[in-house]
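The values are calculated or read from the model by the stated rules, or taken from the named source; none is laboratory data. Small disclaimer: the values here were computed from a predicted structure and weren't measured. Neighbour counts run over all protein chains shown; Cβ positions are idealised from the backbone, glycine included.
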Amino acid sequence: MAQGIRHGPSPSMRCPVVRTAGTDNDTAGTWGLGKEPFVSGAWKASIVLLVRVWFSTVTRASRRPPPVSRDVIVDAAIRVLDRDGPHPSMEAFAVEAGITKPRLYRQFTDKGDLYAAIGARFADSAFAATGTDLTLLLQPPDAAIDHALTDYAVGILAHPNVFRFLTQTSANREGSAGQYDLASAVSGRFAQRARAVADSIPLDAEGIEYLARAIVGVMIVLTDLWLSEAEPDPGEFVSRVHELLWGMIDAFLRGRGIVADPVVPIFVTLAALTRRRAKSEAPTPQD
């Protein structure tokens with residue numbers, strides 16, 4: 001007698017996942033009909049593994065630290081310098097910023113790049129102390145120099161180790177040679193500022209780069225000497241450095257035929273000089 005056609009899927013097509021507990025009914029066992037189904041061991045392990053992978057991925061994504069900017073790292077480096085002194089490690093900078101060294105080097109190409117960023121922050125603070133170009137012209141030289149030196153000294157005392165860090169050789173820092181040239185970096189910016197002021201007057205700015213480098217060099221050396229004192233006093237620093245700074249500026253101006261009074265605003269001195277020059281160059285009336 002020929003066998004009848006079997007209804008339902010063939011044995012090779014039966015779902016291996018769900019079976020019915022406590023029944024021998026093949027159809028019910030195949031399609032999960034009848035009593036409470038259960039998941040076979042192999043599939044149960046696979047599901048558990050997938051859940052664990054998903055959970056791990058979501059957890060890692062939620063715990064991924066936010067991006068850290070260059071400014072945040074520079075802020076952290078300054079805190080380390082203030083706290084630990086002028087001989088830190090890159091590892092200490094990274095830990096303070098809450099990142100690893102590899103992440104730090106994603107923001108900075110090398111240590112020199114980070115040192116330059118710290119130096120730029122220092123230079124920004126130093127230039128902020130000098131005021132605007134207009135302030136330099138409207139104030140008498142004595143007052144302008146005193147104001148700039150006072151703000152500079154207060155800023156240095158807030159972060160003395162940052163100054164020491166930038167002015168010391170880095171040959172022993174993690175075995176890498178090199179030095180951040182603070183004098184060159186700051187004097188370049190100072191020369192641009194001085195040239196802009198000179199051009200607005202107008203004043204012959206030839207050689208102003210030498211004046212800028214001389215002023216910055218003197219400031220760095222005297223700041224280092226001042227910080228070596230047991231209790232550096234801003235007032236003493238201003239009084240000792242003021243005369244030297246004005247002496248260099250006055251010599252530069254005299255070399256261009258300008259005799260400036262330190263208690264008279266520069267623009268007044270230059271206006272009087274311009275009138276005298278115009279008068280001397282005016283044509284003489286013919287008899």
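In table form, for the structure just shown:
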| item | result |
| --- | --- |
| Some residue of the stretch 65-86 being assigned to a helix (DSSP H, G or I), modelled with pLDDT of 75 or more and either over 30 Å from His159 (Cα atoms) or small (Gly, Ala, Ser) (or both) | yes |
| Residue in the stretch 149-156 that is at pLDDT 75 or above, among the acidic types (Asp, Glu) and touching a Gly at 6+ places or on another chain (Cβ under 9 Å) present | yes |
| Odd one out for Asp250, checked against (1) of a type in the set (D, E, K, R); (2) modelled with pLDDT under 90; (3) surrounded by 14 or more Cβ atoms within 10 Å (Cβ to Cβ) | (2) |
| Test result for Val216, crowded, with 16+ Cβ neighbours inside 10 Å, at pLDDT 85 or above and not hydroxyl-bearing (Ser, Thr, Tyr) | yes |
| Count of the stretch 215-234 residues which are over 20 Å from Val186 (Cα atoms) and without any contact (Cβ under 8 Å) to a residue 60 or more places away in the chain | 5 |
